[in-house]
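S.K.: Starting off with a structure, shown below.
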Amino acid sequence: MIAEFLRRFRKKSPWVLHYNAGSCNGCDIEILACLAPKYDLERLGIRNTGNPKQSDIFLVTGPVTQRSRERLVELYTQIPEPKVVVACGSCTCTGGVFRGMYGSEDGIDRYIPVDVYIGGCAPHPEQIIDGLVQALEILEKKSKNVEQPKKLMGEISERDGGIDKTNMAGKL
Amino acid sequence: MKKTINIPLGSQHIALLEPVRFSFTCENETIVGVEADVGYVHRGVELACTTTFKFKQVGYVVARVCGLCAIIHSTCYTLAAEELMGQEVPRRASYLRLIANELDRIHSHMLCLAHTAENAGFEALFMRTMKDRELVMEAQEAMTGNRVQFDYVSIGGVNRDITTDIEALIRQRLGLLKEKVGEIKELFENNWSLSLKYKGVGIITAENAYRNSALGPLARASGIDFDVRNESAYLPYGELGFASVTMSEGDIHARNMVRLLEVFESIRLIESALDGLPEGEIAAKVRGTPEGESYMRVEAPRGECFYYLKASKGQYLDRVRIKTPTFGSVPAMIEALKGANYADAPAIIASFDPCLSCTAR
């Protein structure tokens with residue numbers, strides 16, 4: 001019963017965790033513009049939160065850079081199930097203009113499963129809203145089965161009494 | 001017992017748009033030491049500009065260095081490349097470039113002001129500033145076809161002309177914006193709770209700013225009158241009578257006021273550029289390939305943006321070096337954070353308007 005109760009609320013107010021995995025800021029300022037009065041995502045109950053443990057939608061921008069991939073995976077694993085991943089921007093989907101550059105990793109779907117792809121450099125706020133509405137539908141359908149992140153886990157080893165995160169993203 | 005405590009901020013944080021990590025050493029509430037790690041967004045644009053992309057494409061690639069000042073990066077690269085090729089640019093194109101540059105500056109400054117207001121805890125002012133910022137975004141969309149990544153400047157000129165309809169739209173939006181920014185300025189100046197968060201917080205003295213090579217609004221808020229638009233005639237700023245804005249306090253309030261006054265100055269520049277817009281072509285025919293070395297400085301919203309190019313008559317350049325304003329301002333940022341309260345740190349960082357994707361490329 002509690003699960004049913006929570007599901008109803010989750011649909012009404014999904015919270016977004018925004019992470020910049022090496023984008024050029026273009027998508028990030030469009031996401032900010034979405035939260036602002038003209039496009040107003042809050043009418044769908046969507047709020048930007050800084051805490052992965054409180055969020056339902058993971059909104060990622062940027063091709064994954066080598067420095068940010070461990071953080072990306074770590075944030076993904078910290079979000080409670082069910083969760084939806086939205087890739088915002090061309091470079092997040094495929095690498096875009098950054099494809100093949102030595103610091104970038106050609107899109108986030110190499111590391112975490114993506115549910116909605118939003119193309120465009122940079123996507124128009126209306127496109128972002130469209131993508132998030134799709135994400136809401138997917139979020140509703142998702143069961144409570146824990147998804148196994150693909151190509152995600154390298155070996156988790158221990159170092160200095162804690163978990164060593166350096167190889168967490170695995171080798172391609 | 002150890003007296004200090006280490007608090008990390010970032011790389012993912014609600015107050016930060018971009019991944020940057022600060023490690024604060026705090027003594028009670030006061031920050032005594034700061035370490036900044038700015039390299040999370042390094043993608044390797046500089047190398048790709050010399051290996052993957054031809055010189056005509058590089059202007060659009062370097063725009064992706066930073067979404068906030070995209071047009072400034074492509075303008076800076078294009079001007080440097082044109083110098084290498086001896087390329088003529090029509091006067092109309094120069095004016096159109098100036099208009100696009102200044103529109104970009106307005107939207108970047110407004111975003112920064114909104115962000116500072118949010119980080120000071122004034123959500124309503126954030127919403128209001130972002131709402132007014134949409135006016136300039138509409139003007140940009142009408143003029144260039146896109147809201148953030150315009151791809152407007154190309155070697156030899158610009159890619160789109162403006163019609164009388166678009167000109168009227170820009171004028172109307174800017175007229176509205178001028179009123180709205182006036183209201184916002186009054187809030188920033190007179191609101192009591194904002195003054196508690198801003199006045200006397202995060203001070204950089206003129207000497208400190210000079211020693212740590214602060215640039216842009218940061219230096220101008222501390223009383224150093226340094227603006228590339230004054231110093232070099234890369235775009236026809238001299239013909240329009242540009243006047244730079246300086247304040248002397250060096251705190252968050254002064255930085256906000258510099259940005260607000262610069263928005264007015266930019267609006268004035270665009271209006272007078274539209275008044276005196278020369279007739280003619282928008283792009284000249286591109287001849288030849290670049291050869292030799294050149295550098296170009298352009299005033300980005302955050303300060304001086306520097307490009308160095310080296311080429312030897314091929315389709316591919318030999319070297320592209322980008323130096324962006326935030327990179328120069330990081331030492332000043334660290335200096336300002338020392339001695340501040342930990343609770344003020346997000347507002348101070350936001351008031352610097354750091355652009356990490358510029359910094360790390």
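The values are calculated or read from the model by the stated rules, or taken from the named source; none is laboratory data. The structure displayed is predicted, hence computed values, not measured ones. Glycine gets a Cβ as well: all are built from the backbone with ideal geometry, and neighbour counts include every protein chain shown.
S.K.: Return the residues of region A:96-115 that are in contact with a strand residue (DSSP E or B) (Cβ under 6 Å, 6 or more places away or on another chain), assigned to a loop (DSSP other than H, G, I, E, B) and within 11 Å of another protein chain (Cβ to nearest Cβ); say none if nothing qualifies.
M.R.: A:103
S.K.: When you look at residue B:111, is it of a type in the set (A, V, I, L, M, F, W, C), within 14 Å of chain A (Cβ to nearest Cβ), buried (at least 21 other Cβ atoms within 10 Å of the Cβ) and in a helix (DSSP H, G or I), yes or no?
M.R.: yes
S.K.: Run residue B:183 past the list (1) of a type outside the set (A, V, I, L, M, F, W, C); (2) in a helix (DSSP H, G or I); (3) touching a strand residue (DSSP E or B) at 6+ places or on another chain (Cβ under 9 Å) and report the number of the one that doesn't hold.
M.R.: (3)
S.K.: Now for a different question. Please give the number of the condition residue B:173 fails out of (1) within 14 Å of another protein chain (Cβ to nearest Cβ); (2) over 17 Å from the mean Cα position of the chain (by Cα); (3) closer than 30 Å to residue B:315 by Cα.
M.R.: The one condition residue B:173 does not meet is (3).
S.K.: Residues that are without any contact (Cβ under 8 Å) to a residue 12 or more places away in the chain and surrounded by fewer than 24 Cβ atoms within 10 Å (Cβ to Cβ): does region B:26-33 have at least one?
M.R.: Scanning region B:26-33, I find at least one residue that is without any contact (Cβ under 8 Å) to a residue 12 or more places away in the chain and surrounded by fewer than 24 Cβ atoms within 10 Å (Cβ to Cβ), so the answer is yes.
S.K.: Conditions: (1) crowded, with 24+ Cβ neighbours inside 10 Å; (2) more than 8 Å from every other protein chain (Cβ to nearest Cβ). Residue A:30 meets all but one. Number of the miss?
M.R.: (2)
S.K.: Within region A:12-19, is there a residue that is modelled with pLDDT under 80 and out of contact with any helix residue (DSSP H, G or I) (no Cβ under 6 Å at 6 or more places or on another chain)?
M.R.: yes
S.K.: Taking into account only those residues within region B:129-152 that are in a loop (DSSP other than H, G, I, E, B) and of a type in the set (S, T, N, Q), which is surrounded by the most Cβ atoms within 10 Å (Cβ to Cβ)?
M.R.: B:149
Here's the yes/no breakdown for (1) more than 29 Å from residue A:27 (Cβ to Cβ); (2) under 23 Å from the mean Cα position of the chain (by Cα):
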position: B:126; (1), (2): no, yes
position: B:134; (1), (2): no, yes
position: B:154; (1), (2): no, yes
position: B:167; (1), (2): yes, no
position: B:177; (1), (2): no, yes
position: B:182; (1), (2): yes, yes
position: B:191; (1), (2): yes, no
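S.K.: Considering each residue of region A:33-43, count those that are more than 7 Å from chain B (Cβ to nearest Cβ), modelled with pLDDT under 85 and surrounded by 15 or more Cβ atoms within 10 Å (Cβ to Cβ), and give that number.
M.R.: 4
S.K.: Answer yes or no as to whether residue B:105 is away from every other protein chain (no Cβ under 11 Å) and in contact (Cβ under 8 Å) with a residue 40 or more places away in the chain.
M.R.: Yes; evaluated as a whole, the condition is true for this residue.
S.K.: Given the criteria touching a residue at least 24 places away in the same chain (Cβ under 8 Å) and of a type in the set (Gly, Ala, Ser), does residue B:145 qualify?
M.R.: Spelling it out, it is not the case that residue B:145 is touching a residue at least 24 places away in the same chain (Cβ under 8 Å) and of a type in the set (Gly, Ala, Ser).
Residues checked against (1) surrounded by fewer than 20 Cβ atoms within 10 Å (Cβ to Cβ); (2) at pLDDT 85 or above; (3) out of contact with any strand residue (DSSP E or B) (no Cβ under 8 Å at 6 or more places or on another chain):
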position	(1), (2), (3)
B:248	yes, no, yes
B:258	no, yes, yes
B:270	no, yes, yes
B:285	yes, no, yes
B:294	yes, yes, no
B:303	no, no, yes
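S.K.: Any idea how many residues of region B:336-361 are of a type outside the set (Phe, Trp, Tyr), surrounded by 20 or more Cβ atoms within 10 Å (Cβ to Cβ) and assigned to a helix (DSSP H, G or I)?
M.R.: Total satisfying the criteria: 15.
Yes or no, residue by residue, for (1) free of Cβ contacts under 8 Å to residues at least 40 places away in the same chain; (2) under 23 Å from residue B:105 (Cβ atoms); (3) surrounded by fewer than 19 Cβ atoms within 10 Å (Cβ to Cβ):
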{"position": "B:189", "(1), (2), (3)": "no, yes, yes"}
{"position": "B:202", "(1), (2), (3)": "no, yes, no"}
{"position": "B:208", "(1), (2), (3)": "no, no, yes"}
{"position": "B:213", "(1), (2), (3)": "no, yes, yes"}
{"position": "B:221", "(1), (2), (3)": "yes, yes, no"}
{"position": "B:229", "(1), (2), (3)": "no, yes, no"}
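S.K.: Check whether at least one residue in region B:117-130 is closer than 21 Å to residue B:18 by Cβ, among the aromatic types (Phe, Trp, Tyr) and facing chain A (nearest Cβ under 9 Å), and report yes or no.
M.R.: yes
S.K.: Further, regarding this structure: Just give me the residues in region A:53-63 being at pLDDT 85 or above and either within 9 Å of chain B (Cβ to nearest Cβ) or over 26 Å from residue B:127 (Cβ atoms) (or both), in sequence order.
M.R.: Across region A:53-63, the qualifying residue is only A:63.
S.K.: Now for a separate question. Report, by residue number, each residue of region A:44-82 that is buried (at least 22 other Cβ atoms within 10 Å of the Cβ), free of Cβ contacts under 8 Å to residues at least 60 places away in the same chain and assigned to a loop (DSSP other than H, G, I, E, B).
M.R.: A:55, A:62, A:63, A:64, A:68
S.K.: If you take the residues of region A:78-92 that are within 13 Å of another protein chain (Cβ to nearest Cβ) and of a type outside the set (A, V, I, L, M, F, W, C), which of them is nearest to residue B:360 (Cα to Cα)?
M.R.: It comes out as A:92.
S.K.: Please verify whether region B:153-162 includes one or more residues that are buried (at least 21 other Cβ atoms within 10 Å of the Cβ), modelled with pLDDT under 85, within 14 Å of another protein chain (Cβ to nearest Cβ) and part of a loop (DSSP other than H, G, I, E, B).
M.R.: No: region B:153-162 contains no residue that is buried (at least 21 other Cβ atoms within 10 Å of the Cβ), modelled with pLDDT under 85, within 14 Å of another protein chain (Cβ to nearest Cβ) and part of a loop (DSSP other than H, G, I, E, B).
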